[in-house]
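See structure below.
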Amino acid sequence: MIIGSGCAGLTAALYAARANLSPLVLSGLMPGGLLTTTSTVENYPGFPEGVDGYELMARMQKQAERFGARVQFATVEAVDLARRPFALTVDGERVETEALVVASGAGHRQLGLESERRLEKKGVTYCATCDGALPMFRNKPLAVVGGGDSACEEALYLTRFGSMVHLIHRRDQLRASRIMAERVRSNPKIRPVWDSVVTEVLDVKQDKVTGVRLKNVKTGAETVLDCAGVFVAIGHTPNTELFKGVLAMDEQGYILPQRGAQTSVAGVFVAGDCADHIYRQAITAAGMGCAAAVEAERYLASLNA
Ligand SMILES: Cc1cc2nc3c(=O)[nH]c(=O)nc-3n(C[C@H](O)[C@H](O)[C@H](O)COP(=O)(O)OP(=O)(O)OC[C@H]3O[C@@H](n4cnc5c(N)ncnc54)[C@H](O)[C@@H]3O)c2cc1C
């Protein structure tokens, strides 16, 4: 069984299906995963003109199904990995599996503003690597929200495209590692905006991002900062609640892969963003899905040896 139908889960399904394991993919509430929420994916190999995120995921599912994978719209509510076969509670029903691939992904944290939600994909984004190169951001002032390593990385990356990158942080110094903070400080295209929080993304009426309304947390003063894009980089939350205390994780809840795609429980494998706080890309998630299925196949073969 495979938990998750994003790039990691469906690639694992393709490999497991081609190995005659007839995998069952439990799609969760977001069939196709995070990539279905974006329009054009320009950095997935094999699509020189880019590909619609939804279409790419539909194709991945079709490819896995062609070899016998089954995809079920269902959510895993609980797991019991202490017994063999493993037992999962899926939409209230108990099901068993000899091997499990966890590919449940991670969600990005949001600012929680209504204007942010309304302008998502219209200038509000959560991934500079994914969207920074889009024409709408080229040679325009951009804003990154956050103060950790990810925010610094996003800001540095965006200096290649934007005319200026404003780094908005609610404190008066960065939380990032020293080396990252130094790179940001010494980059003339990055301008830190300290002690500030975004209270509104502008302009919902124009249906595109034209700027942000800021509030200084020390003085209470309000200002408007012009920008064509808002890159929110305030962290991710892996969808791994089910596995707390069951699989080895880091302090943020990312499952810790061991020896490739294995986890701390033999027979349970992991792939994609739920185990990756560094790359978080479709292609890396797919690659990890392949590795997890190959490992699962070897594990199942060893059971029957
Ligand atoms: C707006 C946006 C644009 C992006 N653009 C790009 C891009 O251009 N290029 C790129 O390479 N990457 C891009 N990314 C990143 C890319 O989407 C992710 O890296 C990739 O989707 C990770 O795949 P995944 O399979 O690990 O997880 P996800 O795609 O997050 O899939 C997780 C799956 O797990 C399921 N699930 C979760 N919990 C349960 C449960 N309890 N039971 C059953 N199922 C469950 C979900 O329903 C979902 O199907 C973008 C991300 C976003 C948000």
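Tabulated results
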{"quantity": "Hits in the range 32-44 - residues which are outside any helix (DSSP H, G or I) and of a type in the set (A, V, I, L, M)", "calculated": "41"}
{"quantity": "Enumerated strands (runs of 3 or more DSSP E) restricted to the range 67-151, each holding at least 1 residues that are in contact with a strand residue (DSSP E or B) (Cβ under 6 Å, 6 or more places away or on another chain), within 13 Å of the ligand (Cβ to nearest atom) and of a type in the set (Gly, Ala, Ser)", "calculated": "76-80, 106-108"}
{"quantity": "Top-ranked residue of the range 276-288 - restricted to ones that are in a helix (DSSP H, G or I) and closer than 14 Å to residue 255 by Cβ, ranked as farthest from the ligand (Cβ to nearest atom)", "calculated": "288"}
{"quantity": "Subset of the range 4-44 (residues that are aliphatic (A, V, I, L, M) and within 6 Å of the ligand (Cβ to nearest atom))", "calculated": "8, 26, 29, 30, 34, 35, 41"}
{"quantity": "Selection within the range 12-44 - open to solvent by 20 Å² or more (accessible area, probe 1.4 Å) and polar (S, T, N, Q)", "calculated": "20, 22, 36, 37, 38, 39, 40, 43"}
{"quantity": "Which numbered condition residue 259 misses (of (1) surrounded by 12 or more Cβ atoms within 10 Å (Cβ to Cβ); (2) at pLDDT below 95)", "calculated": "(1)"}
{"quantity": "The range 134-163 residues that are open to solvent by 40 Å² or more (accessible area, probe 1.4 Å), paired with ones that are among the acidic types (Asp, Glu) and assigned to a strand (DSSP E or B) (beta carbon under 7 Å, 6 or more apart)", "calculated": "141/226"}
{"quantity": "Single residue of the range 45-65 satisfying the filter (within 11 Å of the ligand (Cβ to nearest atom) and part of a loop (DSSP other than H, G, I, E, B)) that is surrounded by the most Cβ atoms within 10 Å (Cβ to Cβ)", "calculated": "47"}
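The values are calculated or read from the model by the stated rules, or taken from the named source; none is laboratory data. Everything numeric in this text was worked out from a predicted model, so none of it was measured. Cβ coordinates were reconstructed from backbone atoms using ideal geometry, including for glycine residues, and neighbour counts include every protein chain displayed. When the accessible area is computed, the model is the full protein with side chains, heavy atoms only, and any ligands, DNA or RNA have been set aside. Shrake-Rupley method; radii C 1.70, N 1.55, O 1.52, S 1.80 Å.
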